[in-house]
Amino acid sequence: MYAYDEIDRTLVNERVSEFRDQVKRRLSGELTEDEFKILRLQNGVYLQLHAYMFRVAIPYGTLATNQLRALAHVARKYDRGYGHFTTRQNIQFNWIKLAELPDALADLAKVGIHAMQTSGNNMRNVTSDQWAGVAPGEIEDPRIWSELIRQHTTLHPEFSFLPRKFKIAITASDHDRAAIKIHDIGLRLIKNEKSETGFEVLVGGGLGRTPFIAKTIKHFVHGRDILSYIEAILRVYNQYGRRDNIYKARIKILVHELGIEKFSREVEDEWQHIRNSSLQIDDEVIEDIRSRFTYPAYEKLPHMPDELRQAAADPDFEAWRKNSVAPHKVQGYSIVTISLKPTGGPPGDATAEQMDALADLADRYSFGEIRVGHEQNLALPHVAKRDLPALWKALDKLGLATPNVNLITDIIACPGLDYCSLANARSIPIAQELTRRFANHELANLIGRLHINISGCINACGHHHVGHIGILGVEKNGEEVYQITIGGRADENAALGTLIGPGVKFDEVADVVEDIVEAYLALRERPEELFMDTVKRLGVEPFKERVYATR
Amino acid sequence: MPLVNGGKIVDDSFVKLAVDTPLPESGDILVPAERFLGEAEGLLKRAGKVGVIWPNNRDIAELVPYLGKVAAVALVFPTFRDGRAYSQARLLRERYNYRGELRATGQVLRDQFVFMLRAGFDAFEVKKQADAEAFMQTAKRYSVFYQPTGDGRITALHRRMQLRHSEGVGT
């Protein structure tokens, strides 16, 4: 866990007081909606279809239990009793009143939570691996660097009015759980031949109407230079990024139009001017940030405790354990993923009661820490293996033990037409229907790892391009039509999916997915061949044939 | 449009000239970049200060040879959402060491004052009278800054270091 000190708390409180004044001026008419819009966006407030939507940052996905309880409190006091965890390590509340927002922010500030830069054309909440600090084999805890960059990009005086939004993600593991290749800047923590810590820097990834996988701009930037290098990229983007067309304003378009070689020369030139400035980070600064991350006092525990051995006789527990429990870097401990994808539920939603109860469980079983991942699930990062059976029983009672992590019903979906003013089609009902179709755990398990991603519009908040099966809702002649792609992925081998054919109607989507899955089961060479591997081996043709032969 | 300079609302001594406005005999003038670059020598010879209005899509490096001779550089925010002039301001102050008046013009609102001050602006053509009157109060809104910029304010990282050392912790 990272502890905010008095300095961080002062800034958050100053921000709340500024926003309180801005809301007051808006309500009195002193600020026009046009002027206010950008100010509220910088504080995470959107005007949605039915009400204001409030997006709260969970930097690099780490939450303490008092913070989760504060989110539950906001859900209960200012909203309708639930919150929605998003693909950006944020939580959104959908029914908040503008006049009450400053109070909600003040309540969150008490526990060091804020909504700064969760939207708007600035540097967004820095995201990272939800297993940071506990994943076996990572280079080092990427949150130390995430926090450094979070601080540097918060209220940055040069980059708070960029051409468009800007997202940075960091991973420190071979297996990329932070989806760095679909971010404006992706950072992969590595060691060079001298064992010095640094980053491979990728740039220009992103989804939306023009999706791109990020390209490597530099193979190694030393840790001490990472702020100046990021600043150089941002400065080039701020000056040369397009502002004439909102759809072409993201850095991915600039990188694409200039070409990565020319873009990297511009950045290099800028960087040479500033790399030896006060932006250079000395070890002492890094050590200071590192010292404010506290780690649990782990016990020396057996690899296979009796409690776990005994519980293995229960097939329901075993199904959950195999699905939701991952290895931890410390012997005797596990990382437990908590699925927020119950059968028939909207992906990523949690009630205030669930959040409070989870906070209690995290206090009892996970050293008071919770993680939020971009797959819209939560995790308890330090669970002693002996506690797994008791934790499972408690989660089950809360409706939080659905054993479907990474399976076909672990669906990523944006809020879609049910909430979002940008959406052209519904996402949540499609996800709900699919979770019902594939509710049978045996079948889902037989299918194996398969990610379905659903977006209700071209902006791609549901990351449909990188779903193994991607579903994009569009509007055509007043009707919702869904385009299906296959073969996308967001991990270290990130790729964009391929369209399999014409869009299908709302009522047909679940049938089409079933067809694709049946085709896969028939086509795979052996049960271990994952959907993605079959698609890679055969291309889209056989799937296309299966889906459209009878339609 | 009220001008705030040195934290106070002041009279603007500069007269803005268009590309084709006849040159007044004396007095301080602010001239568009294009005209300034075309007539620099003549303009700088006359009595009165000369300032230049620099658009936010023109390379600031072109102005560098004249920085010691101009009394003011006015950068432009065509809308408050367009942040290019922030980069130009920092380049002028931090890279090119410009010490004259650096003026923010266009859509200048109180909610941007802190960012502008930190980027190096010291004069502000403020759009609304009420915002100009609230300048000092708004400028002091924040006491914590995370990034080092040319305004020399101590960053949170370095303040922590100081605190640590003064407490005798660390090292």
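The values are calculated or read from the model by the stated rules, or taken from the named source; none is laboratory data. Bear in mind that the values here come from a model prediction, so they are computed numbers and not experimental data. So basically every Cβ, Gly included, is an ideal-geometry build from the backbone, and we count neighbours across all protein chains shown. Only protein heavy atoms, including side chains, enter the accessible area calculation; ligands, DNA and RNA are left aside. Shrake-Rupley method; radii C 1.70, N 1.55, O 1.52, S 1.80 Å.
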Within segment B:120-133, work out how many residues are facing chain A (nearest Cβ under 10 Å), open to solvent by 10 Å² or more (accessible area, probe 1.4 Å) and under 20 Å from A:R25 (Cβ atoms). 3
How about segment A:118-133: which of its residues are open to solvent by less than 10 Å² (accessible area, probe 1.4 Å) and farther than 15 Å from A:R371 by Cβ? A:T118, A:S119, A:G120, A:N122, A:M123
Which of the residues belonging to segment A:258-272 are in contact with a helix residue (DSSP H, G or I) (Cβ under 7 Å, 6 or more places away or on another chain) and touching a residue at least 40 places away in the same chain (Cβ under 8 Å)? A:F263, A:V267, A:W271
Can you run down the residue pairs with Cβ atoms below 7 Å, 6 or more apart or on separate chains, where the first is in segment B:146-161 and more than 7 Å from every other protein chain (Cβ to nearest Cβ) and the partner is open to solvent by 20 Å² or more (accessible area, probe 1.4 Å) and not hydrophobic (A, V, I, L, M, F, W, C)? B:G150/B:R93; B:G150/B:E94; B:T155/B:P148
I need a count of the residues in segment A:467-493 that are under 19 Å from A:I447 (Cβ atoms), among the β-branched types (V, I, T) and open to solvent by 10 Å² or more (accessible area, probe 1.4 Å). 1
Please tell me if A:R290 is farther than 17 Å from B:H158 by Cα and either β-branched (V, I, T) or more than 9 Å from every other protein chain (Cβ to nearest Cβ) (or both). no
Out of A:I170, A:I180, A:I217, which single residue is touching a Ser or Thr at 6+ places or on another chain (Cβ under 6 Å) and closer than 30 Å to A:N13 by Cβ? A:I170
Here the residues within segment B:136-152 that are more than 15 Å from the chain's Cα centre (by Cα) and either buried (at least 17 other Cβ atoms within 10 Å of the Cβ) or not in a loop (DSSP other than H, G, I, E, B) (or both) are B:M136, B:Q137, B:T138, B:Y142, B:V144, B:F145, B:Y146, B:Q147, B:P148
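To keep it simple, each residue is scored yes or no on (1) in a loop (DSSP other than H, G, I, E, B); (2) open to solvent by less than 30 Å² (accessible area, probe 1.4 Å); (3) touching a strand residue (DSSP E or B) at 6+ places or on another chain (Cβ under 9 Å).
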position	(1), (2), (3)
A:Q310	no, no, no
A:D316	no, no, no
A:I335	no, yes, yes
A:L340	yes, yes, yes
A:G345	yes, yes, no
A:A350	no, yes, yes
A:Q354	no, no, yes
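What residue, among those in segment B:16-72 that are small (G, A, S) and not in a loop (DSSP other than H, G, I, E, B), is most open to solvent (accessible area, probe 1.4 Å)?
Selected residue: B:G38.
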I'd like the full set of residues that are surrounded by 13 or more Cβ atoms within 10 Å (Cβ to Cβ) and not small (G, A, S), limited to segment A:519-532. A:Y520, A:L521, A:L523, A:R524, A:E529, A:L530, A:F531, A:M532
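Yes or no, residue by residue, for (1) more than 29 Å from A:R143 (Cα to Cα); (2) within 14 Å of chain B (Cβ to nearest Cβ); (3) in contact with a Gly (Cβ under 6 Å, 6 or more places away or on another chain):
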position: A:H219; (1), (2), (3): no, no, no
position: A:Y237; (1), (2), (3): no, yes, no
position: A:H256; (1), (2), (3): yes, no, no
position: A:Q272; (1), (2), (3): no, yes, no
position: A:L301; (1), (2), (3): no, no, yes
position: A:E307; (1), (2), (3): yes, no, no
Look through A:R426, A:R437 and report the one residue that is touching a strand residue (DSSP E or B) at 6+ places or on another chain (Cβ under 7 Å), at pLDDT 95 or above and open to solvent by 30 Å² or more (accessible area, probe 1.4 Å). A:R426
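Where residues in segment A:401-423 are open to solvent by less than 40 Å² (accessible area, probe 1.4 Å) and small (G, A, S), which of them is farthest from A:L358 (Cα to Cα)?
Per the criteria, the residue is A:A423.
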Can you list residue pairs whose Cβ atoms sit under 7 Å apart, with the first residue in segment B:3-28 being over 21 Å from B:P55 (Cα atoms) and the second being exposed (fewer than 12 other Cβ atoms within 10 Å of the Cβ) and not acidic (D, E)? Count only pairs 6 or more apart in sequence or on different chains. B:G7/B:M136; B:S26/B:A47
Within segment B:104-112, identify whether any single residue is open to solvent by 50 Å² or more (accessible area, probe 1.4 Å), within 11 Å of another protein chain (Cβ to nearest Cβ) and touching a Phe, Trp or Tyr at 6+ places or on another chain (Cβ under 8 Å), and answer yes or no. yes
Inside segment A:134-157, can you point out the residues that are surrounded by fewer than 24 Cβ atoms within 10 Å (Cβ to Cβ) and away from every other protein chain (no Cβ under 14 Å)? A:A135, A:P136, A:G137, A:E138, A:I139, A:E140, A:D141
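Residue by residue, here is whether (1) surrounded by 21 or more Cβ atoms within 10 Å (Cβ to Cβ); (2) out of contact with any Lys or Arg (no Cβ under 7 Å at 6 or more places or on another chain) holds:
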position: A:T216; (1), (2): no, yes
position: A:F220; (1), (2): no, yes
position: A:I226; (1), (2): yes, yes
position: A:E231; (1), (2): yes, yes
position: A:Y237; (1), (2): yes, yes
position: A:R242; (1), (2): no, no
Identity of the residue in segment A:1-55, of a type in the set (V, I, T) and more than 25 Å from B:T155 (Cα to Cα), that ends up nearest to the other protein chains (Cβ to nearest Cβ): A:I38
Segment A:286-305, subset within 25 Å of the chain's Cα centre (by Cα) and open to solvent by 80 Å² or more (accessible area, probe 1.4 Å), residue nearest to A:W131 (Cα to Cα): A:Y295
Would segment A:208-219 turn up any residue that is under 20 Å from A:N90 (Cα atoms) and in the same structural domain as A:Q280 (by the TED database)? yes
